[in-house]
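What follows is a single structure, written as structure tokens, with notes after it.
The values are calculated or read from the model by the stated rules, or taken from the named source; none is laboratory data. Computed from a prediction, not measured in an experiment: that's the story for all the values here. Cβ placement follows ideal geometry from the backbone for every residue including glycine, while neighbour counts extend to all protein chains displayed.
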Amino acid sequence: MSLQLDKAGLAAAFARPANTSPDAADDPQWREMTASPKFRRALVTDGRTAVGRATAAALAAAGATVHVGIAEPWKPFDGEALPQSCEIVPLDVTDERSVRDLAADIGGKVDILVNTAEYARPGGLLDRRGTGTIRSEIEHNYLGLVHLAQTFGPAMRGRGADGIDSAVAWVNLFSVYALANWPAYGTFSAVEAACLSLSHCLRAEMRPGGIRVINLFTGPLDTEWFQTVPPPKVAPQTLAKAIVSALDRGIEDVFVGDVAEDVRRRLQANPKALEHELARQGNGQAGQ
């Protein structure tokens, strides 16, 4: 017995044999309770990031047909980390026309969308001059989500009942500091909080079509813009495995890594103490 979320977002008990075969996950009733990527078509929105490449590889290994978005294809791109089965498509989430053009081409074929676009820079409010960096964070993270939702969302919602290979899931990757601002990455945390709020709206609007909106929360990633942050950090491959696991289990909110779990626990125990601790950690660490 296990507790699952059905397509309406309601808890349901599901019974399976104690000893299952490798193909048990292909059962039509079980696939209704999950968002397994096997046999489905996925779009990873940004293949230039390490997380995007790792996610594409993990989805392909799980049996999905994967499209990988690449902005500015004229720039050099290390595609060796991608399986040969992945198809590269032009996509710049900051450009509404680029998103709309790709949606016109493959929007009716995407069963799982994983938004890996990210723009994270260190710094808060008082140590910066001007709004250039903040504007870029908003354009990549918040407006990028808006563009994707307005173009791919309606088509996916309309295909939520297309049988065992229907559209099933939209996956967002958020910093756990969307839940509690970290001044060392203060404006990034604020934009992530706005994206999280937007995802709740997206979840409510996608639910009538049976589409799950899955949010994964992580601490600092082991990528270039978190180089100065001490460990523990989340490796891109670890996050990619967590994405596939969340799809296989059909759950909506996942905390990945020690930092994310610690923030979750401390928010439940004493939110004000967590705010003060993050403020102390942020002093002297914010960049320009």
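Restricting attention to the range 187-197, does a residue exist that is buried (at least 19 other Cβ atoms within 10 Å of the Cβ), modelled with pLDDT under 95 and of a type outside the set (S, T, N, Q)?
Among the residues of the range 187-197, not one is buried (at least 19 other Cβ atoms within 10 Å of the Cβ), modelled with pLDDT under 95 and of a type outside the set (S, T, N, Q), which makes the answer no.
Taking only the range 76-95 into account, find how many residues are of a type in the set (D, E, K, R), surrounded by fewer than 16 Cβ atoms within 10 Å (Cβ to Cβ) and over 24 Å from residue 40 (Cβ atoms). Working first, answer last.
Step one: of the range 76-95, the residues of a type in the set (D, E, K, R) are 78, 80, 87, 92, 95.
With the extra rule that they be surrounded by fewer than 16 Cβ atoms within 10 Å (Cβ to Cβ), the set shrinks to 78, 80, 87.
Now restrict to residues that are over 24 Å from residue 40 (Cβ atoms): 78, 80.
Final tally of qualifying residues: 2.
Any residue in the range 83-109 that's modelled with pLDDT of 95 or more: show its pairings with residues that are of a type in the set (Asp, Glu) and not in a loop (DSSP other than H, G, I, E, B) at Cβ separation under 6 Å, as long as the two are six or more apart or on different chains.
94/139
So that you can scan it fast, the table gives a plain yes or no per residue for (1) touching a residue at least 40 places away in the same chain (Cβ under 8 Å); (2) aliphatic (A, V, I, L, M):
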site	(1), (2)
179	yes, yes
187	yes, no
246	yes, yes
250	yes, no
257	no, no
271	yes, no
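When residues of the range 237-264 are filtered for being under 13 Å from residue 217 (Cα atoms) and at pLDDT 95 or above, how many remain?
Within the range 237-264, residues that are under 13 Å from residue 217 (Cα atoms) and at pLDDT 95 or above number 18.
Of the residues 56, 35, 62, 104, only one is loosely packed, with under 15 Cβ neighbours inside 10 Å and among the small types (Gly, Ala, Ser); which?
Values: 56 fails: loosely packed, with under 15 Cβ neighbours inside 10 Å; 35 fails: loosely packed, with under 15 Cβ neighbours inside 10 Å; 62 fails: loosely packed, with under 15 Cβ neighbours inside 10 Å.
From the options 56, 35, 62, 104, the qualifying one is 104.
Within the range 91-98, is there a residue that is more than 23 Å from residue 57 (Cβ to Cβ), among the polar types (S, T, N, Q) and in contact with an Asp or Glu (Cβ under 6 Å, 6 or more places away or on another chain)? Lay out the reasoning, then the answer.
Looking only at the range 91-98, we keep the residues that are more than 23 Å from residue 57 (Cβ to Cβ), and these are 94-98.
Now restrict to residues that are among the polar types (S, T, N, Q): 94, 98.
Narrowing the set further to residues that are in contact with an Asp or Glu (Cβ under 6 Å, 6 or more places away or on another chain) leaves 94, 98.
Yes, the range 91-98 contains at least one residue that is more than 23 Å from residue 57 (Cβ to Cβ), among the polar types (S, T, N, Q) and in contact with an Asp or Glu (Cβ under 6 Å, 6 or more places away or on another chain).
Which ones in the range 237-274 are farther than 23 Å from residue 34 by Cα and surrounded by 15 or more Cβ atoms within 10 Å (Cβ to Cβ)? Lay out the reasoning, then the answer.
Taking the range 237-274 first, the residues farther than 23 Å from residue 34 by Cα are 258-274.
If the condition is that a residue be farther than 23 Å from residue 34 by Cα and surrounded by 15 or more Cβ atoms within 10 Å (Cβ to Cβ), then 259, 260, 262, 263, 264, 266, 267, 274 are the ones that fit.
Are any residues in the range 232-260 outside any helix (DSSP H, G or I) and over 18 Å from residue 54 (Cβ atoms), and if so, which ones? Before the answer, list the steps.
Residues of the range 232-260 outside any helix (DSSP H, G or I): 232-235, 250-257.
Listed by number, the residues that qualify are 250, 251, 252, 253, 255.
Taking interchain pairs and intrachain pairs at least six residues apart, which have beta carbon atoms under 7 angstrom, with the first residue in the range 214-239 and acidic (Asp, Glu) and the second surrounded by 16 or more Cβ atoms within 10 Å (Cβ to Cβ) and assigned to a strand (DSSP E or B)?
If the second residue must be surrounded by 16 or more Cβ atoms within 10 Å (Cβ to Cβ) and assigned to a strand (DSSP E or B), the pairs left are 222/234.
Applying the selection to the range 138-163, what residues are under 14 Å from residue 45 (Cβ atoms) and of a type in the set (A, V, I, L, M, F, W, C)?
Listed by number, the residues that qualify are 143, 145, 146, 148, 149, 152, 156.
I need every pair where a residue in the range 34-54 that is free of Cβ contacts under 8 Å to residues at least 40 places away in the same chain has its Cβ under 6 Å from the Cβ of a residue that is outside any helix (DSSP H, G or I) and not aliphatic (A, V, I, L, M), sequence separation at least 6 or different chains.
38/63
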